[in-house]
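The values are calculated or read from the model by the stated rules, or taken from the named source; none is laboratory data. This one's a predicted model, so the numbers in the text were calculated from it and none came from an experiment. Note that each Cβ is placed from the backbone with ideal geometry, even for glycine, and that neighbours are counted across all protein chains shown. The accessibility values were calculated without ligands, DNA or RNA, using every heavy atom of the protein model including side chains. Shrake-Rupley method; radii C 1.70, N 1.55, O 1.52, S 1.80 Å.
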Amino acid sequence: MANLYHEITCKLIYCLISMPITTVLLPFFCMAIGIEVYIVKLCTAYLNLPMYYSCAIVDDEQHAIDVLHDYIEDIRFLKLFSAFNNPFDALKTISAGDKIDFLFLDIDMDGMKGTELSQHLRSKARFVIYASAHLENEVRKIDSSFECYLGKPISMKRFAGTIDKLIRLNNLPIKNENSL
């Protein structure tokens, strides 16, 4: 629904820009977009659609979990689903019915590497983001199927940029009623 809305809006903007009477129609177009946004908000509320993207963190260092948790809280359309400092707890807790949008995995954990855990949880996560002190090229040799990499220590700028990049590249809507 959001992709269709985006396509229609883009086509309308293109048509209006190519018309010589754009300046006359622009106020009406803006009013129409305002009505469209209101309708999308009503439909989203009526259908009880989630207004956020869910995140899960698996890291054996509590400090790393705390940093990622703080960053997730700072972005209005992200919500922490769960955090684990043990990969086996993540395997037990995340069920087949759970769907996580952003899965943050450390590479080096006791008992199971993040790359191995990724293979088990890949079907439950839309995006796998490795958060590790390893160099990205080393990680890519081990597992080339991950979407993004955050080098430790992770900055808020890099974290937000990664989330923004994944959302834009995949044409995902921002699922927050305040962002429409």
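Can you tell me which of 104-111, 54-61 comes out highest on packing, and rank the rest after it, using the mean Cβ neighbours within 10 Å?
54-61, 104-111
With labels modelled as points extended 7 Å from the Cα through the Cβ direction, what inter-label distance (nm, one decimal) is found for residue 165 paired with residue 119?
2.6
Would you check the accessible area of residue 70, probe 1.4 Å, heavy atoms only, in square angstrom rounded to 10?
Rounded to the nearest 10, that gives 80 Å².
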